[in-house]
Amino acid sequence: MVSRPAGEIDRVRYFKFKTLGKALFPLGLGFILCFALSYVDLNWLEARLYDFRVQNSLTPTPSSEIVLITWDDRTIRELETEFPAPLSHHAALLNALAPLRPRAVGYPIDLNRAAELGKTSPHAFLTAARTMMREGTPVLLGTTLDVTGEIHPPAPLHQLPHALAITHKDGNVFSGDKVTRRALLRTDGKATFPLRLAQELGRVSEDFHPTGSYWVEEAQSDFFFFRYNLKPDRPSYARVSAIDILKGRFEPESLRGKILLVGTVSREDSSDFSMTPYSKNPVLVPKLAIQANILESILQNNGIQQLPFSMNLLIATITTALVIGWVILSSPFSGLLATFVLGLSFLLVSHFIFSLSGLWIRAAEPLAGMLLSYYVLVPYRLIREYKARWAYQRRNDILIQVEELKRNFLSLVTHDLKTPVARIQGLADLLLRRADHRFTASDKETLKHISSAAEELDRFINSLLELTRIDSGKFELNLASKDVNTLIESSIESFQSLAREKNITIENQLEPLFPIRVDPLLISKVLRNLIDNAIKYSPPGGMLTLTSQEENTTAPGVLICVKDQGIGMSESEKAQLFSRFYRIKNEQTTNTSGTGLGLYLSRYFIEAHGGKLTVQSSPGEGSTFSIWLPEVPTTKTSFASSPRPPTGLLTRLKQNQPQAVSPSIQEQTR
Ligand code: ADP
């Protein structure tokens, strides 16, 4: 097993800790926000989202097993009576229905009021109901509530099965908008009208709790989010007017064996109607249809199931945390986009789940959490970014000042260094020339070292001076018409002795050229640098070839190539070759003196002429540096007037400090 060094383990731990922190922060903040939001009443919003889901859900078709028999305005008009019509008419209705053997009869009508009308005897109704029940049709009366409690049917009808048939409207518990979204299933342990009817039908047991039912401690009641099927644009439950039955104007088969719900539906009386998630029209959907819907949802056991509080909180936390993470890590705009996309996706997904499986995931808290976190975090982010930009600006200003100082310092120091260095070299040369018998061979060798070290130092100072000239924008070309072949030849000449020392042959293949306009001094410097490098980075015994020719591909000009058989360089090394102070780090270069400025300056000088300096090289196979110069310089003025931006000279100086002064100088000055 490979063991990791301690530093690396620390780094890995730190990285893991940081990543964990990055993930935990949005989660923690999301949790706190959503937990706080759970104490805020957002039911007004949730109710609207709930209604939207109900309206756009896959809705079951209302069952043809249930038929509504309505005491409506027409019935009352024809009977010339009042709502809900005297009990004798109701007894007549039961007698008319009895031969049809209905599956069950639910009778949620205020029979106390019916008994008062015309002071009719309740016995006819009681007998009719009992006859029906004897013949196997359960009859269930529906009662109402007043401040004193349940209003039982008038004696002796109270002996008939009866149950509370109130239609629940969201008053102070959920949304407060009086819309019927749920039903009361049991109160004080007693089943209410629809559940009791389902029990009377023998379809559900005494302790049946349909899906979507839940216990409310304060009310000591079971409630039930039933599945609506009363979509306005679809056929609802079949309806027959009571008067048509009383007058025999109906199709008996349409009622035979059905579950009949009998109730009043008066356009004049809004208490016969209730608002639903589909419509806020107070006189559109009769309570009788809603009772039928509740009954069917109990029989189908397909109520709407609410997700537990903890799960809702978890979902809200995750969605909010995603927005928080996104806003922190990305730009405010993509944060906004993410909030929008996440919010929309959440709504869509939760909607589909609701529609397909009847599972209700609360959407108000996640949406509020996402929006709130966005609005809290974006200003926070903007402040942070503004601070960072301000700090960056300040750092930049300081850097510009430092760069300026450094330029001035370099220029001063190099100027002041040049004279003493030249004097040292001159004196060393003078002593060497005058050396007589008093000088030993070792003395002479030392003097030679002093001279060559001073020369090298002088070259370095010159390079630095060029650099400060470029940086200060004072760089200009002194153009003259010149045959570059003469510059090549004189450059070769000055390196012949050095080449001989290394047993390197310098060859030239120069085509006759037309004179071109160049700065002869700068081009000579470039040529010398390239020849110097070619000798420095070649092993003894190699060959160095300089060629020149016309090259008019892009524009009229000349091409000069310096080809060596030296150590060459790799692709990655080539990439930075022309950067300031860059030196390839290998055994060969560390033992060779150099500043890493030569190629940078060379390319700068060539480009100042509008030319190009390129290299082709591969490790161990030598290098070819190619200079292309135009017949007439193209970029002279712009180059001369616009200095290159300061490119972190100080940093590079620091990075390359050990190599900036050649090893031979260090050695000789020890
Ligand atoms: P230096 O003073 O170090 O020679 P240069 O800018 O002239 O600075 O060269 C930069 C680096 O490029 C050198 O340190 C060397 O590693 C590499 N280099 C330059 N010319 C050659 C060449 N002809 N062959 C191989 N490497 C070279």
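Data table
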{"item": "Residue within segment 532-543 that is closer than 30 Å to L465 by Cα and either away from the ligand (no atom under 16 Å from the Cβ) or part of a strand (DSSP E or B) (or both) present", "result": "no"}
{"item": "Candidate set from segment 596-616 (those that are open to solvent by less than 30 Å² (accessible area, probe 1.4 Å) and closer than 17 Å to E573 by Cβ); member that is farthest from the ligand (Cβ to nearest atom)", "result": "L613"}
{"item": "Residue count for segment 192-229, restricted to those that are part of a loop (DSSP other than H, G, I, E, B) and either open to solvent by 50 Å² or more (accessible area, probe 1.4 Å) or farther than 27 Å from R101 by Cα (or both)", "result": "17"}
{"item": "Any chance E78 is free of Cβ contacts under 8 Å to residues at least 60 places away in the same chain, surrounded by fewer than 17 Cβ atoms within 10 Å (Cβ to Cβ) and among the acidic types (D, E)", "result": "no"}
{"item": "G343 being modelled with pLDDT under 85, in a helix (DSSP H, G or I) and crowded, with 17+ Cβ neighbours inside 10 Å", "result": "no"}
{"item": "Qualifying position, being out of contact with any strand residue (DSSP E or B) (no Cβ under 9 Å at 6 or more places or on another chain) and either at pLDDT 95 or above or of a type in the set (G, A, S) (or both), among G620, G610", "result": "G620"}
{"item": "Residue in segment 498-510 that is more than 15 Å from the ligand (Cβ to nearest atom) and hydrophobic (A, V, I, L, M, F, W, C) present", "result": "yes"}
{"item": "Residues (of a type in the set (G, A, S) and crowded, with 21+ Cβ neighbours inside 10 Å) located in segment 297-324", "result": "S297, G303, A316, A321"}
{"item": "L522 open to solvent by less than 40 Å² (accessible area, probe 1.4 Å) and either away from the ligand (no atom under 11 Å from the Cβ) or in a loop (DSSP other than H, G, I, E, B) (or both)", "result": "yes"}
{"item": "Lone qualifier among L513, L498, L487 - being in a loop (DSSP other than H, G, I, E, B), surrounded by 14 or more Cβ atoms within 10 Å (Cβ to Cβ) and over 60 Å from the mean Cα position of the chain (by Cα)", "result": "L513"}
{"item": "Selection within segment 40-61 - outside any loop (DSSP other than H, G, I, E, B) and among the polar types (S, T, N, Q)", "result": "N43, Q55"}
{"item": "Residue in segment 558-573 that is open to solvent by 60 Å² or more (accessible area, probe 1.4 Å) and within 12 Å of the ligand (Cβ to nearest atom) present", "result": "yes"}
{"item": "Matching residues in segment 301-326 - criterion: being in a loop (DSSP other than H, G, I, E, B) and either touching a residue at least 40 places away in the same chain (Cβ under 8 Å) or among the β-branched types (V, I, T) (or both)", "result": "N301, N302, G303, I304, L307"}
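The values are calculated or read from the model by the stated rules, or taken from the named source; none is laboratory data. Here the structure is a predicted model, which is why all the values come from computation and not from measurement. Glycine also receives a Cβ, built like all others from the backbone with ideal geometry; neighbour counts cover every protein chain displayed. Ligands, DNA and RNA are excluded from the accessible area calculation, which covers all protein heavy atoms including side chains. Shrake-Rupley method; radii C 1.70, N 1.55, O 1.52, S 1.80 Å.
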